[in-house]
Amino acid sequence: MLKIKNISKKYKNFALKDISFEVKKGDYFILLGNSGSGKSLLLELIAGLINANSGKIFLNDKDITNYKIQNRKIGLVFQDYALFPHFTVKENLLFPIKNKKTRIEKVNEIADLLNITHILHRFPEKLSGGEAQRVALGRTLITNPEILLLDEPLSSLDVQLRSGLRHLLKKINQNGQTIIHVTHDYDEAIALASKVAVIDNGKIIQQGDTDSVFKNPSSEFIANFIGLKNFFKSILHKKDEKSFVIADNNTKICLLSDNEEGEGFVMIRSEDIFIYDKFTESSALNNFEGIIKDAVPSRLGIEIAVKSTLLFWVLITKESYLRMNLFEGKKVWISFKASAVKFLKT
Ligand code: ADP
Ligand code: MG
């Protein structure tokens with residue numbers, strides 16, 4: 001439906017470089033990247049606020065590269081909402097609709113969907129962040145855009161409002177609205193996206209189904225970005241039908257792999273690594289002695305950094321952390337099964 005083909009845009013100190021991707025009807029497409037990576041610029045290009053130096057944009061097979069904003073049928077919700085301060089909520093919503101007959105009907109319908117009926121007569125300065133965001137969303141939705149572009153729609157809201165708005169965005173998408181949403185928060189991508197593209201310094205470095213991107217990060221940058229910490233450059237070897245890799249500092253890690261020998265990365269999820277006070281015999285083939293270097297509270301428990309020949313991150317519950325009396329500088333053993341190790345060829 002939307003096809004971005006080899007789009008480039010150069011500024012003095014920044015460039016969007018040869019960007020291509022496709023968004024299908026009904027997709028929830030998330031563009032994930034750090035601050036300054038070019039996400040807002042790319043949305044402005046798609047919306048028609050700025051023009052590219054080269055490349056083309058197609059919407060439903062029509063070349064819209066040189067179309068004016070108002071003829072694109074693409075709606076952009078700005079990060080700062082950009083509501084008209086001297087208009088009430090209702091007037092803000094009415095503003096984009098020209099058809100006199102359906103105006104009130106449409107406002108009521110949208111207000112109902114976004115749960116803003118009770119604030120229709122308020123002015124923007126009297127709105128909370130969550131309300132302002134819903135009004136901004138409404139003002140764009142009311143134009144029936146083919147594609148809804150959202151610039152970090154959740155980033156300025158507190159946690160509770162965020163989860164409410166997430167649900168709302170999901171519902172809007174499930175009603176058939178195609179969405180492109182940019183964010184620096186990978187949790188948002190996991191929660192909402194059907195497709196993901198990762199952008200770094202003006203370039204898209206990986207894209208695909210959300211699941212496949214998160215399960216198979218193609219580079220260390222993406223792995224770190226999505227919070228996967230045990231990610232080591234290594235070389236895969238096979239001997240007597242057994243697979244192992246050699247990573248930095250000559251670290252040998254056993255794994256199960258159908259890949260051919262060669263360079264790549266190994267990944268181990270931090271929740272798949274066990275930690276012990278002393279060497280403990282088990283079925284796990286990978287056992288390392290190390291020293292605790294750090295303990296960081298995370299959403300799911302505590303992540304412990306264990307320095308061995310590599311730095312491993314181990315996720316444990318707070319209960320285990322307290323029970324095992326773990327502290328920085330303590331000597332421990334860690335272990336993980338060959339089946340917990342994943343190899344990605346490069
Ligand atoms: P993001 O939204 O991912 O945080 P932006 O798309 O806003 O990043 O900006 C990407 C880079 O482009 C930044 O370094 C920014 O300073 C630069 N930039 C944005 N707009 C302009 C402009 N009009 N002229 C020159 N540089 C710009
Ligand atoms: Mg931005």
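Structure above, values below:
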| item | result |
| --- | --- |
| Pair list, Cβ < 7 Å and 6+ apart or interchain, from region 29-43 residues that are assigned by TED's automatic domain parsing to the domain that holds LYS17 to residues that are within 6 Å of ligand 1 (Cβ to nearest atom) and among the hydrophobic types (A, V, I, L, M, F, W, C) | GLY38/PHE14 |
| Of the criteria (1) open to solvent by less than 30 Å² (accessible area, probe 1.4 Å); (2) over 21 Å from LEU141 (Cβ atoms), which one THR88 fails | (2) |
| Residue within region 148-156 that is assigned by TED's automatic domain parsing to the domain that holds ALA111, within 16 Å of ligand 2 (Cβ to nearest atom) and assigned to a helix (DSSP H, G or I) present | no |
| Count of residues meeting criterion [touching a Ser or Thr at 6+ places or on another chain (Cβ under 9 Å) and at pLDDT below 90] in region 233-256 | 1 |
| Candidates LEU161, LEU165, LEU149 - the one that is closer than 26 Å to MET1 by Cα and either open to solvent by 50 Å² or more (accessible area, probe 1.4 Å) or in contact with a strand residue (DSSP E or B) (Cβ under 7 Å, 6 or more places away or on another chain) (or both) | LEU149 |
| First in region 78-100 and under 18 Å from HIS121 (Cα atoms), second anywhere and open to solvent by 80 Å² or more (accessible area, probe 1.4 Å) and outside any loop (DSSP other than H, G, I, E, B), Cβ under 7 Å, 6 or more apart | PRO85/GLU125 |
| Tally, over region 221-250, of residues that are closer than 15 Å to LEU344 by Cβ, part of a helix (DSSP H, G or I) and open to solvent by 40 Å² or more (accessible area, probe 1.4 Å) | 2 |
| SER218 vs. criteria in contact (Cβ under 8 Å) with a residue 40 or more places away in the chain and open to solvent by 20 Å² or more (accessible area, probe 1.4 Å) | yes |
| Those residues of region 40-75 which are open to solvent by 30 Å² or more (accessible area, probe 1.4 Å), in contact with an Asp or Glu (Cβ under 7 Å, 6 or more places away or on another chain) and either over 29 Å from VAL135 (Cα atoms) or within 13 Å of ligand 2 (Cβ to nearest atom) (or both), in sequence order | SER40, LYS56 |
| Single residue of region 196-215 satisfying the filter (among the small types (Gly, Ala, Ser) and farther than 22 Å from VAL266 by Cβ) that is surrounded by the most Cβ atoms within 10 Å (Cβ to Cβ) | ALA197 |
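The values are calculated or read from the model by the stated rules, or taken from the named source; none is laboratory data. Just so we're clear, the structure is a prediction, and the values are computed from it rather than from any experiment. Positions of Cβ are generated from backbone atoms using ideal geometry, with glycine treated the same way; all protein chains shown enter the neighbour counts. To get the accessible areas, we keep the full protein, side chains included, count just its heavy atoms, and leave off ligands, DNA and RNA. Shrake-Rupley method; radii C 1.70, N 1.55, O 1.52, S 1.80 Å.
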